[in-house]
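> The structure that follows is given in the form of structure tokens.
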Amino acid sequence: MKDCKPCDDTTSGLEDGLRTLINAQLQLGKELLKFLGDAGSDAMGGMSKLRLPKGSSCCDVPEPCWMPLPLGEIRCTLKPGDSGTVCLVVTNEDFRPQHYLFAATGKSAAHVSFSQTSATLQPKERIAVTATFTVPKDDRRPEDCRCLDHDVVVWVRGCRNHYLRWVIDEMSCSKPCCHEVEVHDQPDYVLHWYDHFYIVRPCFGEATTPGHTTGSVR
């Protein structure tokens, strides 16, 4: 009968493999440090200027469901006398009829016209309403601040309120200004986890400012 002798070849091979892997990783780290060092201050300066996207915190609370819903912002370039259009494609996603109003607010709202200012949509019906902005020809405005030539907020009021910010830069020549915006209007039946964070609070004006004693607020 042969004696049972431990086989050391497998253990020895495993140790050699691990040792080789560790040495390779150490060598790779040295080469990487050497590469960064050779790159000089310019490369490091470039790395320092990188701005990583800011992640949202797990504690961020979304806006309440009763706040107006943004449709985004569009920007046009028009010369005096020219017009731009935005086609609002509105869909009633509810299971009941909804009445809709279309309006514009802001300092240049008077220059906005609508193909129709109201409509009633049955469940799942859709309509297209055109908003047109015409730059006045005799627009005499102070030159001290031209960062916002014309700024309007286009509203679609239905089951919920939706708003689109429309900025028009007045220049000597016009660029094509024809946009289409989809509006999916529907109620929010979901009970959100953050709903209990919200209560109705007033916007504090002079009469409702804390510590104001000249009158009472009811």
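The values are calculated or read from the model by the stated rules, or taken from the named source; none is laboratory data. Just so we're clear, the structure is a prediction, and the values are computed from it rather than from any experiment. Every residue, glycine among them, receives a Cβ derived from its backbone with ideal geometry; neighbour counts consider all protein chains shown.
> What number goes with the only condition from (1) surrounded by fewer than 19 Cβ atoms within 10 Å (Cβ to Cβ); (2) at pLDDT 95 or above that G158 does not pass?
Of (1) surrounded by fewer than 19 Cβ atoms within 10 Å (Cβ to Cβ); (2) at pLDDT 95 or above, only one is false for G158: (1).
> In region 167-200, how many residues are among the hydrophobic types (A, V, I, L, M, F, W, C) and surrounded by 13 or more Cβ atoms within 10 Å (Cβ to Cβ)?
6
> Next up: Looking at D16, is it over 27 Å from the mean Cα position of the chain (by Cα) and either modelled with pLDDT of 95 or more or over 30 Å from V135 (Cα atoms) (or both)?
Against the criterion (over 27 Å from the mean Cα position of the chain (by Cα) and either modelled with pLDDT of 95 or more or over 30 Å from V135 (Cα atoms) (or both)), D16 qualifies.
> Give the residue, chosen from V89, V129, that is buried (at least 17 other Cβ atoms within 10 Å of the Cβ), outside any loop (DSSP other than H, G, I, E, B) and β-branched (V, I, T).
V129
> Go through (1) modelled with pLDDT of 95 or more; (2) in contact with an Asp or Glu (Cβ under 6 Å, 6 or more places away or on another chain); (3) closer than 16 Å to P70 by Cβ and name the single condition G106 misses.
G106 satisfies all of (1) modelled with pLDDT of 95 or more; (2) in contact with an Asp or Glu (Cβ under 6 Å, 6 or more places away or on another chain); (3) closer than 16 Å to P70 by Cβ except (1).
> Moving to a separate point now. Going by the conditions given, is L71 out of contact with any Ser or Thr (no Cβ under 7 Å at 6 or more places or on another chain), surrounded by 16 or more Cβ atoms within 10 Å (Cβ to Cβ) and within 30 Å of H196 (Cα to Cα)?
Yes; evaluated as a whole, the condition is true for this residue.
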